[in-house]
Amino acid sequence: MATVTFDKATRIYPGGDKPAVDGLDIEVGDGEFLVLVGPSGCGKSTSLRMLAGLEDVNAGAIRIGDRDVTHLPPKDRDIAMVFQNYALYPHMTVADNMGFALKIAGVNKAEIRKRVEEAAKILDLTEYLARKPKALSGGQRQRVAMGRAIVREPQVFLMDEPLSNLDAKLRVQTRTQIASLQRRLGVTTVYVTHDQVEAMTMGDRVAVLKDGILQQVDSPRNMYDRPANLFVAGFIGSPAMNLIEVPIIDGGVKFGNAVVNVQRDAVQAAADKGDSTVTVGVRPEHFDIVSPEDESKSLTKEGPAGLAVTVNVVEELGADGYVYGSAKVGDEHKDIVIRVGGRAIPEKGSVLHVVPRAGETHVFATSSGERLTDS
Ligand SMILES: Nc1ncnc2c1ncn2[C@@H]1O[C@H](COP(=O)(O)OP(=O)(O)OP(=O)(O)O)[C@@H](O)[C@H]1O
Ligand SMILES: [Mg+2]
């Protein structure tokens with residue numbers, strides 16, 4: 001087992017005007033499951049391929065444990081990779097598919113058999129060892145691809161969207177299996193996906209990339225609770241965080257008819273940058289609905305307190321529901337998503353008055369996108 005270090009690793013493709021991966025700095029712990037996530041083209045596969053030795057590193061270094069592997073060929077890195085298009089050999093049995101890399105490496109037959117049987121047991125493939133891939137389900141084939149990596153007993157597993165060929169239900173099952181398998185084997189793993197739910201549910205830590213630049217690397221919890229900038233705030237979480245640009249006024253920011261007390265320091269920091277607005281982030285579950293009975297108490301000169309949201313669409317999910325509405329903020333109409341209880345679903349067309357819950361707002365500089373709140 002080993003740590004993995006990306007030390008300002010940079011990849012510029014021939015003819016490219018800017019790096020596909022720009023100064024990537026990540027230290028993956030021994031036995032850790034690190035997920036690289038981000039939109040299409042952000043440099044996830046390139047990062048993984050640099051670690052695998054399939055792509056040149058133009059600046060910086062890559063280390064596995066204390067070995068500098070930056071310029072080593074793939075076969076000398078002690079890694080095993082599972083790709084999105086894990087082509088199994090159709091004419092070979094499951095056992096032969098799993099043992100093929102060991103056979104090429106000259107491992108003796110008895111040892112291959114032993115490792116394949118162990119991996120098959122772990123992956124629940126024992127009864128399929130004599131079958132050909134075409135006689136397996138998608139999920140079973142995917143496990144064979146995993147098995148090929150496991151039998152090599154590498155220091156590091158690399159996986160690039162290994163679940164993208166599976167249907168939605170199987171993806172969810174298989175992601176749990178991969179995560180628990182990784183924990184059992186304790187092999188350091190770097191896993192690539194564009195799916196933030198997969199990233200959040202599988203990773204010990206998650207690294208978010210955008211345009212080749214690392215935005216934040218953190219535990220799923222911290223990533224959700226304290227996104228470092230507007231991009232991460234909007235990318236992590238489903239439905240996405242509401243991000244609303246609001247004017248700075250004395251003591252806070254104005255949210256419809258309500259003055260929301262956000263951290264004074266945050267507002268001051270924005271004002272110091274010369275910004276007249278900040279962007280406030282509120283997750284759908286962090287709005288309080290000012291109920292009609294309370295409204296008399298919370299009336300202001302300008303009408304009921306809070307932001308008036310007109311309900312456009314309601315998504316009922318049973319335990320809870322999501323209201324997709326619109327609200328007038330300043331002179332613009334903004335789309336707002338609010339989570340409501342499953343037994344308190346409002347009518348389409350009705351108006352809700354909502355207030356962001358104290359202590360659950362995020363404040364970002366409108367100009368730079370940086371997080372300004374520190375908790
Ligand atoms: N062989 C190549 N030659 C030139 N440019 C490339 C090459 N491979 C990738 N790129 C470019 O580098 C950038 C990063 O690509 P990469 O494949 O790493 O993205 P990704 O995050 O894996 O995206 P996806 O989620 O679509 O797989 C993209 O702009 C892509 O067009
Ligand atoms: Mg990719």
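For (1) closer than 30 Å to Arg148 by Cβ; (2) modelled with pLDDT under 95; (3) assigned by TED's automatic domain parsing to the domain that holds Glu32, each residue gets a yes or a no:
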{"position": "Ile178", "(1), (2), (3)": "yes, yes, yes"}
{"position": "Arg184", "(1), (2), (3)": "yes, yes, yes"}
{"position": "Val206", "(1), (2), (3)": "yes, no, yes"}
{"position": "Ser219", "(1), (2), (3)": "no, no, yes"}
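I'd like to check which strands (runs of 3 or more DSSP E) are fully inside the range 1-55 and have at least 3 residues that are surrounded by fewer than 16 Cβ atoms within 10 Å (Cβ to Cβ) and in contact (Cβ under 8 Å) with a residue 12 or more places away in the chain. Spell out how you get there, then give the answer.
On the way: elements: 4-11, 21-28, 33-37.
In the range 1-55, the matching strands (runs of 3 or more DSSP E) lie at 21-28.
Can you find a residue in the range 49-64 that is out of contact with any Phe, Trp or Tyr (no Cβ under 8 Å at 6 or more places or on another chain), away from ligand 1 (no atom under 16 Å from the Cβ) and within 12 Å of Val144 (Cα to Cα)?
Checked against the condition, which is being out of contact with any Phe, Trp or Tyr (no Cβ under 8 Å at 6 or more places or on another chain), away from ligand 1 (no atom under 16 Å from the Cβ) and within 12 Å of Val144 (Cα to Cα), the range 49-64 yields no hits at all.
What's the total number of residues in the range 1-57 that are of a type in the set (Phe, Trp, Tyr) and away from ligand 2 (no atom under 16 Å from the Cβ)? Walk me through it before giving the result.
Going residue by residue through the range 1-57, those that are of a type in the set (Phe, Trp, Tyr) are 6, 13, 33.
Filter once more, keeping what is away from ligand 2 (no atom under 16 Å from the Cβ): 6, 33.
Total satisfying the criteria: 2.
Inspect all residues belonging to the range 196-205 and state whether any of them is touching a Phe, Trp or Tyr at 6+ places or on another chain (Cβ under 6 Å), of a type in the set (Asp, Glu), touching a residue at least 24 places away in the same chain (Cβ under 8 Å) and more than 13 Å from ligand 1 (Cβ to nearest atom).
Yes, the conditions are met somewhere in the range 196-205.
Checking the condition assigned to a helix (DSSP H, G or I) and touching a Ser or Thr at 6+ places or on another chain (Cβ under 9 Å), which residue from Leu163, Leu181, Leu209, Leu170 passes?
Values: Leu163 fails: assigned to a helix (DSSP H, G or I); Leu181 fails: touching a Ser or Thr at 6+ places or on another chain (Cβ under 9 Å); Leu209 fails: assigned to a helix (DSSP H, G or I).
Just a single option satisfies the conditions, and that option is Leu170.
I'd like to verify a number: residues in the range 275-321 that are modelled with pLDDT of 60 or more, loosely packed, with under 15 Cβ neighbours inside 10 Å and polar (S, T, N, Q), how many?
Going through the range 275-321 one residue at a time, the tally reaches 3.
Taking the condition assigned by TED's automatic domain parsing to the domain that holds Gly23, under 21 Å from Gly38 (Cβ atoms) and assigned to a helix (DSSP H, G or I), does Ala199 pass? Break it down stepwise before answering.
On the way: assigned by TED's automatic domain parsing to the domain that holds Gly23: yes; under 21 Å from Gly38 (Cβ atoms): yes; assigned to a helix (DSSP H, G or I): yes.
In short, yes.
Does Thr189 count as within 17 Å of Gly29 (Cβ to Cβ), among the polar types (S, T, N, Q) and more than 16 Å from ligand 1 (Cβ to nearest atom)? Write out each step before concluding.
On the way: within 17 Å of Gly29 (Cβ to Cβ): yes; among the polar types (S, T, N, Q): yes; more than 16 Å from ligand 1 (Cβ to nearest atom): yes.
Answer is yes for this residue.
So, Ile249, is that one surrounded by fewer than 18 Cβ atoms within 10 Å (Cβ to Cβ), away from ligand 1 (no atom under 16 Å from the Cβ) and β-branched (Val, Ile, Thr) or not?
Details: surrounded by fewer than 18 Cβ atoms within 10 Å (Cβ to Cβ): yes; away from ligand 1 (no atom under 16 Å from the Cβ): yes; β-branched (Val, Ile, Thr): yes.
Against the criterion (surrounded by fewer than 18 Cβ atoms within 10 Å (Cβ to Cβ), away from ligand 1 (no atom under 16 Å from the Cβ) and β-branched (Val, Ile, Thr)), Ile249 qualifies.
Residues are listed down the side, and each one gets a yes or a no for (1) of a type outside the set (Asp, Glu); (2) touching a residue at least 24 places away in the same chain (Cβ under 8 Å); (3) within 16 Å of ligand 1 (Cβ to nearest atom):
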site	(1), (2), (3)
Lys121	yes, no, no
Leu125	yes, yes, no
Ala145	yes, yes, no
Ile150	yes, yes, no
Leu158	yes, yes, yes
Pro162	yes, yes, yes
Ser180	yes, no, no
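Given the conditions (1) aliphatic (A, V, I, L, M); (2) more than 19 Å from Glu153 (Cβ to Cβ); (3) within 16 Å of ligand 2 (Cβ to nearest atom), report the number of the one that Val82 does not fulfil.
(2)
Of all residues in the range 89-133, how many are farther than 29 Å from Asp76 by Cα, at pLDDT 95 or above and charged (D, E, K, R)?
The qualifying residues number 3.
Right, Ala95: assigned to a helix (DSSP H, G or I) and either away from ligand 2 (no atom under 16 Å from the Cβ) or crowded, with 20+ Cβ neighbours inside 10 Å (or both) or not? Please lay out each step first, then the result.
Numbers: assigned to a helix (DSSP H, G or I): yes; either away from ligand 2 (no atom under 16 Å from the Cβ) or crowded, with 20+ Cβ neighbours inside 10 Å (or both): yes.
Considered against the rule, which asks whether it is assigned to a helix (DSSP H, G or I) and either away from ligand 2 (no atom under 16 Å from the Cβ) or crowded, with 20+ Cβ neighbours inside 10 Å (or both), Ala95 comes out as yes.
So Ala95 ticks every box in (1) within 16 Å of ligand 1 (Cβ to nearest atom); (2) over 30 Å from Asp211 (Cα atoms); (3) of a type outside the set (Val, Ile, Thr) but one. Which box is left unticked?
Going through the list (1) within 16 Å of ligand 1 (Cβ to nearest atom); (2) over 30 Å from Asp211 (Cα atoms); (3) of a type outside the set (Val, Ile, Thr), Ala95 breaks only (1).
Restricting attention to the range 317-366, report how many residues are in a loop (DSSP other than H, G, I, E, B) and either β-branched (Val, Ile, Thr) or not assigned by TED's automatic domain parsing to the domain that holds Asp265 (or both).
So in the range 317-366, the residues in a loop (DSSP other than H, G, I, E, B) come out as 317-319, 330-331, 342-350, 357-361, 366.
Now drop any that are not either β-branched (Val, Ile, Thr) or not assigned by TED's automatic domain parsing to the domain that holds Asp265 (or both), which leaves 345, 361, 366.
Final tally of qualifying residues: 3.
The values are calculated or read from the model by the stated rules, or taken from the named source; none is laboratory data. Remember, it's a predicted structure, so these values are computed and weren't measured experimentally. When we count neighbours, we look across all protein chains shown, and the Cβ atoms used for this are built from the backbone with ideal geometry, even at glycine.
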